[in-house]
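Data block below; observations after.
The values are calculated or read from the model by the stated rules, or taken from the named source; none is laboratory data. Owing to the predicted nature of the structure, the values given are computational and were not obtained by experimental measurement. All Cβ positions, even for glycine, are placed from backbone atoms using ideal geometry, and neighbour counts span all protein chains on display.
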Amino acid sequence: AQSVTQPDIHITVSEGASLELRCNYSYGATPYLFWYVQSPGQGLQLLLKYFSGDTLVQGIKGFEAEFKRSQSSFNLRKPSVHWSDAAEYFCAVGGQLTGGGNKLTFGTGTQLKVEL
Amino acid sequence: EAQVTQNPRYLITVTGKKLTVTCSQNMNHEYMSWYRQDPGLGLRQIYYSMNVEVTDKGDVPEGYKVSRKEKRNFPLILESPSPNQTSLYFCASRIQGRGAMNSPLHFGNGTRLTVT
């Protein structure tokens, strides 16, 4: 069965500091990997995705993520965090093995707080 | 504007009183899905639909029903709500078929349900 682990429930960083949010996945084949962001009172918005090719993927809002197959990881990074990045971040995995519906499995989320 | 619209945004009800949460999308997407979000558990899939008249159970379907009579609408029905269904609910849609896994899920803004 596929699964996603986000080991950090809460992270606090200072504005301007770098950020790394961790994501580890379990999947029986080449996965499709996603990072979504949820701002308060909003639905989830796609930040970036990986399905093949270059293991370093660029997303919106200056975010990037690196797929490391050997570590089963897909960590999200940003060189300099802005106060508006405060939100909850979800990693998700899916793929051709998921059967009907190509289901996405989400992690439990990481709540990011940005100190000014 | 392409969007997924859920109604209502907030709902407070009592145990056993049937309710329906509506979901509508204007992107002509074949795939639609319902998730519930609970603290520490992330998003869990309730039901999904790959096309009109085709629905299937997700990970936590107990106590819920859905229908897909039209492509744009995918209502979530709680026939006899219980307090453990107090949660934040999200509807999502995306294309289905070839390229589906490479396409993002589009989320509604959520429905916060409280069952007393």
Original post:
Among strands (runs of 3 or more DSSP E) lying entirely in segment B:41-116, which contain 2 or more residues that are among the β-branched types (V, I, T), more than 14 Å from chain A (Cβ to nearest Cβ) and in contact (Cβ under 8 Å) with a residue 60 or more places away in the chain?
Top reply: B:111-115
Subject >> Selection status of A:P7, within 14 Å of the chain's Cα centre (by Cα), outside any strand (DSSP E or B) and either at pLDDT 95 or above or over 24 Å from B:R98 (Cβ atoms) (or both) >> reply: yes
Original post:
Which of (1) in a loop (DSSP other than H, G, I, E, B); (2) within 18 Å of A:Q111 (Cβ to Cβ); (3) not aliphatic (A, V, I, L, M) is the odd one out, the single condition A:E20 does not satisfy?
Top reply: (1)
Subject >> Unmet criterion (only one of (1) in contact with an Asp or Glu (Cβ under 9 Å, 6 or more places away or on another chain); (2) among the small types (G, A, S); (3) surrounded by 14 or more Cβ atoms within 10 Å (Cβ to Cβ)) for B:S33 >> reply: (1)
Original post:
Across segment B:64-95, what is the number of residues that are among the small types (G, A, S) and under 19 Å from B:G42 (Cβ atoms)?
Top reply: 2
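From the list A:S14, A:S73, A:S26, A:S18, exactly one residue is in contact with a Pro (Cβ under 7 Å, 6 or more places away or on another chain), in contact (Cβ under 8 Å) with a residue 24 or more places away in the chain, away from chain B (no Cβ under 14 Å) and among the hydroxyl-bearing types (S, T, Y). Which is it?
A:S18
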Subject >> Residue under evaluation A:K49, criteria (1) under 18 Å from B:Q37 (Cα atoms); (2) of a type in the set (D, E, K, R); (3) outside any loop (DSSP other than H, G, I, E, B); (4) modelled with pLDDT under 95, criterion not met >> reply: (1)
Subject >> segment B:1-40: number of residues that are assigned to a strand (DSSP E or B) and either over 13 Å from B:F90 (Cα atoms) or hydroxyl-bearing (S, T, Y) (or both) >> reply: 12
**OP:** Say whether the condition of being under 24 Å from B:R112 (Cβ atoms) and either modelled with pLDDT under 90 or in contact with a Phe, Trp or Tyr (Cβ under 6 Å, 6 or more places away or on another chain) (or both) is met by at least one residue in segment A:53-62.
**Re:** no
**OP:** From B:L76, B:L19, grab the single residue that is surrounded by 14 or more Cβ atoms within 10 Å (Cβ to Cβ) and touching a Pro at 6+ places or on another chain (Cβ under 7 Å).
**Re:** B:L19
